[in-house]
Amino acid sequence: MPTMIVGLALFLGVHSVRIFAEDWRTDVVARIGLTKWKVVYGAASLVGFALIVWGFASARQEPLAVWQPPAMLLPVAVALTLVSFILLAAFMVPRTQIKARLHHPMVLGVAVWAFAHLLVAKTLPDIVLFGSFLAWAVVDARATYARDRAANVVYPKGDLVPTLLAAAAGVVLWAAFAFWLHGFLIGVSPMADRL
């Protein structure tokens, strides 16, 4: 699990620069340029993500069980992950009513995704992984909304067609992940007990 923790620190740390070091980020971008900043940011994120994946896979070989979640939480978690996929799709599709209303659907989608997984997390590595992402998402959302208020950001009104497109894309991606990709990539099929 130490490898996963290092990966989480790197990945979430890089994604927390605007929360805790906005002025430093601005200075660095001014000094090296936005393109170089994005390259360094992207490389650090990829390394952190790879360490998370590797560390989590290793930690799952000898997991420390913490508790057995009630079976009734699984359908709740499944429904919440559907919401998270729709929120993530709404971030990607321009001019959705979801984005117009929530402003930052991606970070909210991460929070919902992490919370859903925490509901059914059985082992210490699960709790550390999803708890870390949930804590980061809550702190990031708070900071992001505060920045918006300080800058008087106005978001454009959303349209129905992009909103429906985002919702449909979210459902399709969720279904692909829930019924196939999750089991293929993670080794756990969340829908196995539901069928």
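State the extension gain, in nm to one decimal, for the chain segment bounded by PHE20 and SER45, taking 0.36 nm per residue of separation less the distance between their alpha-carbons.
Details: separation 25, 0.36 × 25 = 9.00 nm, distance 1.69 nm.
Separation in residues times 0.36 nm, less the Cα-Cα distance, equals 7.3 nm.
By how many nm would the segment from ASP159 to TYR145 lengthen if fully extended, with 0.36 nm per residue of separation less the alpha-carbon distance? Before the final figure, lay out each step's value.
On the way: separation 14, 0.36 × 14 = 5.04 nm, distance 2.21 nm.
Result for the pair: 2.8 nm of gain on full extension.
By the scheme Lys and Arg +1, Asp and Glu -1, what is the net charge of all other residues having a beta-carbon under 13 Å from that of ARG60? Working shown, then result.
Details: positive: LYS122; negative: GLU62, ASP126.
Neighbourhood net charge equals -1.
Among all lysine pairs in the chain that are eight or more places apart or on different chains, how many have alpha carbons less than 30 angstrom apart?
Values: LYS36/LYS99; LYS38/LYS99; LYS38/LYS157; LYS99/LYS157.
Lysine pairs meeting both conditions in the chain amount to 4.
Note the full-extension length gain between ILE127 and TRP37 as 0.36 nm times their separation in residues minus their Cα-Cα distance, in nm to one decimal.
Details: separation 90, 0.36 × 90 = 32.40 nm, distance 3.19 nm.
Additional length available on full extension: 29.2 nm.
Add +1 for every Lys or Arg and -1 for every Asp or Glu among the other residues with Cβ under 10 Å from the Cβ of PRO162, and state the total.
Details: positive: ARG95, LYS99; negative: ASP159.
Computed value for this residue: +1.
If a/c stays under 1.5 just call it rounded; otherwise compare a/b with b/c (prolate if a/b is bigger, oblate if not). Do that for the chain, with a ≥ b ≥ c from the square roots of the Cα gyration tensor eigenvalues. All intermediate terms of the calculation are to be shown ahead of the outcome.
Numbers: a/c = 1.99, a/b = 1.20, b/c = 1.65.
Cα axes put the chain in the oblate bin.
What residues have an amide H closer than 5 Å to that of ASP159, excluding those fewer than 5 places away on the same chain, when H is modeled at 1.01 Å from N in the peptide plane?
THR96, GLN97
Please state the shape class of the range 77-158: rounded when a/c is under 1.5, otherwise prolate if a/b exceeds b/c and oblate if not, all from the C-alpha gyration tensor.
Details: a/c = 3.95, a/b = 1.67, b/c = 2.37.
Oblate, because a/c is 1.5 or more while a/b does not exceed b/c.
Taking the range 107-152, which trypsin sites (Lys or Arg not before Pro) meet the DSSP loop condition and have no more than 15 other C-beta atoms within 10 Å?
Details: sites: LYS122, ARG142, ARG147, ARG149; in loops: LYS122.
Qualifying residues, ordered by number: LYS122.
Net charge near THR3: determine it from the other residues with C-beta under 14 Å of the C-beta of THR3, scoring Lys and Arg +1 and Asp and Glu -1. It would help to have the intermediate numbers written out before the result.
Numbers: positive: ARG60; negative: GLU62.
With Lys, Arg at +1 and Asp, Glu at -1, the neighbours total 0.
Lys/Arg Cβ at +1, Asp/Glu Cβ at -1, dipole of the chain taken about the Cα centre: which of VAL76, LEU108, ALA150 is farthest positive-ward?
Going by the Cα projections, it comes out as ALA150.
Could you work out the helix-only [θ] at 222 nm for the chain, with each DSSP H run of four or more residues adding -39,500 (n - 2.57) and the total divided by the number of residues, to the nearest 500 deg cm²/dmol? Spell out each step's value before the answer.
Numbers: 10 runs with 145 residues, N = 195.
Mean residue ellipticity, 222 nm, calculated: -24000 deg cm²/dmol.
FYI, it's all coordinate maths here, none of it is from the lab. Since the structure is predicted, the reported quantities are computational estimates derived from the model, not experimental observations. Here Cβ is always computed from backbone atoms with ideal geometry, including for glycine, and neighbour counts include all displayed protein chains.
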